[in-house]
Protein chains: 6
Amino acid sequence: MTKKEAFLDRRQRGNDAVLRHGDLTIRRFLALDGDAYREGAIPAKHKELLGLVASAVLRCDDCIAYHILRAREEGATRDEVTEALSVALVVGGSILIPHLREAFELLDEL
Amino acid sequence: MTKKEAFLDRRQRGNDAVLRHGDLTIRRFLALDGDAYREGAIPAKHKELLGLVASAVLRCDDCIAYHILRAREEGATRDEVTEALSVALVVGGSILIPHLREAFELLDEL
Amino acid sequence: MTKKEAFLDRRQRGNDAVLRHGDLTIRRFLALDGDAYREGAIPAKHKELLGLVASAVLRCDDCIAYHILRAREEGATRDEVTEALSVALVVGGSILIPHLREAFELLDEL
Amino acid sequence: MTKKEAFLDRRQRGNDAVLRHGDLTIRRFLALDGDAYREGAIPAKHKELLGLVASAVLRCDDCIAYHILRAREEGATRDEVTEALSVALVVGGSILIPHLREAFELLDEL
Amino acid sequence: MTKKEAFLDRRQRGNDAVLRHGDLTIRRFLALDGDAYREGAIPAKHKELLGLVASAVLRCDDCIAYHILRAREEGATRDEVTEALSVALVVGGSILIPHLREAFELLDEL
Amino acid sequence: MTKKEAFLDRRQRGNDAVLRHGDLTIRRFLALDGDAYREGAIPAKHKELLGLVASAVLRCDDCIAYHILRAREEGATRDEVTEALSVALVVGGSILIPHLREAFELLDEL
């Protein structure tokens with residue numbers, strides 16, 4: 001199974017469990033989370049890159065994977081994804097390196 | 001193996017290694033960690049929910065699993081566990097979502 | 001000015017600026033944040049203690065001050081606030097000590 | 001003194017001390033930090049917004065102030081700054097609210 | 001007032017409040033915190049530098065100030081303090097820069 | 001496969017992907033990261049212990065594994081590694097325990 005497939009599979013099973021048990025606060029939060037990345041003053045592609053950098057400095061592999069996939073869908077090039085990750089690395093430091101490894105292995109697959 | 005079994009197995013092996021090598025500071029810390037959740041002005045159930053929220057906002061899957069199991073043993077209902085996780089989600093943001101997925105999949109098993 | 005007055009004053013000025021400029025996502029988030037602490041399966045007092053522990057381990061002085069004030073309003077005793085902070089200290093470590101200093105100085109004032 | 005002036009003054013004094021004492025590793029890091037925001041595949045304005053979101057989710061007031069000032073210099077509108085902060089709020093949660101207060105008070109001044 | 005005096009004053013007032021209100025868990029934690037830096041397999045000077053790097057990457061100004069003062073008391077040179085901070089900067093990233101400014105301004109005073 | 005082998009294998013594959021795609025900023029960061037641990041005012045062994053404590057309080061298992069291996073290569077004893085981890089535990093709190101389990105299981109293997 002590719003990294004992308006493993007992520008999507010894990011995400012689907014998890015989201016099913018969250019939706020089965022989540023209360024109103026959790027459901028409203030998830031709706032708000034979806035809306036935050038809608039095209040606005042900032043184009044959708046750049047919003048996904050914002051989400052990617054936030055995920056990278058907070059060091060969440062599944063969040064990084066999600067925003068790489070979404071950024072690519074919105075038309076971000078490999079170079080844009082790489083540059084966003086380089087900003088994250090400088091802000092967040094060498095502690096991000098293991099997450100960059102995962103990110104670039106996923107980017108390799110796409 | 002269920003998520004609960006995998007966690008308990010991983011925890012047991014790890015704790016054995018910690019106790020084999022840990023120095024006096026580490027052993028005293030572990031004793032203090034146990035004492036902090038004892039019934040006091042706050043009932044044991046609510047202390048476990050405090051530990052659960054702390055673990056969730058700090059995004060530690062094994063710590064979340066431990067406090068869900070302990071909270072349930074102390075009589076916390078599913079709704080109480082879910083509400084505690086919803087407070088954590090609002091405080092800690094969408095970066096917690098992958099950890100919520102794990103938490104609700106475990107809650108599903110119990 | 002007491003620590004409580006300084007906090008409330010700073011919070012008021014800041015909230016005015018947030019509401020003047022915040023977009024729909026920010027306004028909806030703030031509404032959700034308010035709702036998360038409503039009495040539910042977990043009593044309001046214990047929800048404020050959950051918010052306090054989350055704020056303490058994430059080391060946000062203004063958030064700690066807010067939840068100490070709210071927990072006291074909801075009937076939490078000094079001992080309950082102290083016990084919640086002791087759980088936070090064990091989970092989050094000595095890096096929390098400067099925030100505990102602020103928290104106990106505020107508790108002194110109340 | 002305005003928030004902007006206080007920040008610039010504090011930053012200048014601090015940077016003087018860093019440059020007086022910093023070793024080669026620190027000086028090279030600072031050079032790299034400057035280069036990371038140069039126009040590339042991603043325009044400079046959007047790189048500053050990436051830096052802003054990274055700073056916001058990592059909750060560093062001075063870093064937020066710096067990237068708001070730089071983003072405005074690179075042509076970011078108030079709405080773009082606000083939207084970037086709204087993405088940060090959803091990713092990073094309510095623990096960011098005190099930092100948003102500071103950010104919007106600064107934005108008020110500009 | 002110098003930065004050192006301001007820190008020591010703030011610390012004293014805070015510690016008084018912590019000791020006045022802290023429960024047994026908090027008092028035992030504080031004792032353990034003191035013991036962790038005792039000379040052992042690692043000399044006291046290097047333990048203080050470990051505490052300094054931990055404080056720097058976790059971005060706690062008062063903790064950084066404390067360990068700079070203690071490291072200097074245990075015989076650490078300015079160059080050793082600077083090198084420890086440069087390791088912290090590379091591990092923790094540019095988000096540490098405002099804390100380095102504070103650290104080097106304090107080092108300037110000593 | 002031992003924990004050490006699994007780590008080295010994962011690291012190798014990841015580093016290949018990083019070097020294949022990384023831009024100039026990323027490459028310069030990696031070079032700087034290597035240099036930061038060179039013998040200087042602080043001996044290389046103690047620099048690795050600084051890197052270990054930074055990695056532990058920031059809770060990065062692969063970074064912890066790397067610095068344990070490097071510290072041992074530079075002559076750190078088991079007791080020195082354990083003491084460094086005990087400082088990290090007190091600074092960073094019980095949320096580090098799952099990472100200590102991993103660290104001591106690796107130390108067991110060496």
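The values are calculated or read from the model by the stated rules, or taken from the named source; none is laboratory data. This structure is a prediction, so every number in the text was calculated from the model and none was measured. Every residue, glycine among them, receives a Cβ derived from its backbone with ideal geometry; neighbour counts consider all protein chains shown.
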Q | Residue ID - nearest to D:L32 (Cα to Cα), chosen from residues in region F:1-28 that are buried (at least 19 other Cβ atoms within 10 Å of the Cβ) and among the aliphatic types (A, V, I, L, M) | A | F:I26
Q.
Being over 13 Å from the mean Cα position of the chain (by Cα), over 16 Å from A:S94 (Cβ atoms) and modelled with pLDDT of 95 or more is the requirement here; does F:E105 meet it?
A. yes
**Q.** Residues located in region B:56-110, provided they are small (G, A, S) and part of a helix (DSSP H, G or I)
**A.** B:A56, B:A65, B:A71, B:A84, B:S86, B:A88, B:G92, B:S94, B:A103
Q) Within region C:57-70, which residues are under 8 Å from the mean Cα position of the chain (by Cα) and surrounded by 22 or more Cβ atoms within 10 Å (Cβ to Cβ)? A) C:C63, C:I64, C:A65, C:H67, C:I68
Q) Taking C:I42 and the conditions (1) crowded, with 21+ Cβ neighbours inside 10 Å; (2) part of a loop (DSSP other than H, G, I, E, B); (3) within 15 Å of the chain's Cα centre (by Cα), which numbered condition does it fall short on, given that it satisfies the others? A) (3)
Q. Quick one: is B:A31 of a type in the set (G, A, S), at pLDDT 95 or above and surrounded by 17 or more Cβ atoms within 10 Å (Cβ to Cβ)?
A. no
Q.
Out of the residues in region E:54-73 meeting the condition of being more than 9 Å from every other protein chain (Cβ to nearest Cβ) and of a type in the set (D, E, K, R), tell me which one is farthest from D:D62 (Cα to Cα).
A. E:E73
Q: State whether one or more residues within region F:86-105 are under 17 Å from E:K45 (Cβ atoms) and in contact with a Lys or Arg (Cβ under 8 Å, 6 or more places away or on another chain).
A: yes
Q: Report yes if some residue within region C:71-86 is among the hydrophobic types (A, V, I, L, M, F, W, C) and either modelled with pLDDT under 95 or in contact with a strand residue (DSSP E or B) (Cβ under 6 Å, 6 or more places away or on another chain) (or both); otherwise report no.
A: no
Q. Of the residues D:R78, D:R101, which single one is under 19 Å from C:R27 (Cβ atoms), among the basic types (K, R), without any contact (Cβ under 8 Å) to a residue 24 or more places away in the chain and within 11 Å of chain C (Cβ to nearest Cβ)?
A. D:R101
Q: Sort through B:V18, B:V53 and tell me the only one that's part of a helix (DSSP H, G or I), farther than 30 Å from D:G93 by Cα, out of contact with any Cys (no Cβ under 7 Å at 6 or more places or on another chain) and β-branched (V, I, T).
A: B:V18
Q) Just checking, how many residues over region A:25-39 are over 22 Å from A:D61 (Cβ atoms), more than 8 Å from every other protein chain (Cβ to nearest Cβ) and assigned to a helix (DSSP H, G or I)? A) 2
Q) How about region E:94-105: which of its residues are closer than 15 Å to F:A54 by Cβ and in contact with a Phe, Trp or Tyr (Cβ under 9 Å, 6 or more places away or on another chain)? A) none
Q.
Every residue in region B:1-14 that is over 17 Å from B:I64 (Cβ atoms) and of a type in the set (S, T, N, Q), please.
A. B:Q12
Q: Just one of (1) within 13 Å of the chain's Cα centre (by Cα); (2) in contact (Cβ under 8 Å) with a residue 24 or more places away in the chain; (3) more than 7 Å from every other protein chain (Cβ to nearest Cβ) trips up D:R10, so point out which.
A: (1)
**Q.** Answer from B:G51, B:G92 - the residue that is surrounded by 19 or more Cβ atoms within 10 Å (Cβ to Cβ) and within 14 Å of chain D (Cβ to nearest Cβ)
**A.** B:G92
(Q) Taking the conditions exactly as written (surrounded by 22 or more Cβ atoms within 10 Å (Cβ to Cβ) and more than 27 Å from D:R59 (Cβ to Cβ)), does B:A76 satisfy them or not? (A) yes
